[in-house]
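The structure under discussion appears below in the form of structure tokens.
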Amino acid sequence: MSSILGKKVGMTSIFDESGEAIPCTVIEAGPCYVVQVRTKEKDGYDAVQLGFDAQKERLVSKPMKGHFGKANVKAMRLLKEFRNFNGSSLQLGAEIKVDIFHQGDVVDVTGRSKGRGFQGVVKRHHFGGVGMTSHGASDRVRAPGSIGASSYPSRVFKGMRMGGRMGHEQVTVRNLQVLKVIPESNILIVKGSVPGAINSYLEIVKHV
């Protein structure tokens, strides 16, 4: 298994041998448990379903209690399938820890970016704004400008960049280097930043 689920703890910096500060992200990675193994013969595809972050059993529906009970694991807050993994070597209830990664590995981290709400074109699409800032035109500085033509085509084309909801989207940051692995604390430290707020869930996959 070369994938694991985790939670963003926060950002910090560590110093290398030359004394240079390296910005990095601290991730609580695992332990995860194999809740289900899908096979091509039975399900049409190979996949491994991992569970992460235990929760109280009374908060789980009866069907999900049976699902977790079949694997003989505690109820989990997060379930995620990783496709194209041959789970024949994994048993239901098997524990996946952060020690599947090593210093120097390269990983891809997927998470949900911070939601920014409704934003205008300057923040959302990096428009420069229109008009001058002088002569009293204070309400046109961050305006989008014209959005359509005249009698033809008499409509606004689909995909026109305008103001709207920004953020809260699935984002993958690729090729992040693993700087440190602390198995006893289930901690994974990667170079650079990853999407999401503190305590948001992440998927960490070894880059191939």
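The values are calculated or read from the model by the stated rules, or taken from the named source; none is laboratory data. As the structure is a prediction and not an experimental result, all values here were calculated from the model. Backbone-built Cβ (ideal geometry, glycine too); neighbour counts: all protein chains shown.
Listing for the model above:
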| item | result |
| --- | --- |
| Of all residues making up segment 157-198, the number that are in a loop (DSSP other than H, G, I, E, B), surrounded by fewer than 18 Cβ atoms within 10 Å (Cβ to Cβ) and in contact (Cβ under 8 Å) with a residue 24 or more places away in the chain | 9 |
| Residue, farthest from the chain's Cα centre (by Cα), within segment 115-138, restricted to residues that are on the phi > 0 side of the Ramachandran plot and either loosely packed, with under 14 Cβ neighbours inside 10 Å or modelled with pLDDT under 75 (or both) | His135 |
| Residue ranges of strands (runs of 3 or more DSSP E) in segment 1-75 with at least 2 members under 13 Å from Leu188 (Cβ atoms) and in contact with a Ser or Thr (Cβ under 8 Å, 6 or more places away or on another chain) | 3-15, 21-29 |
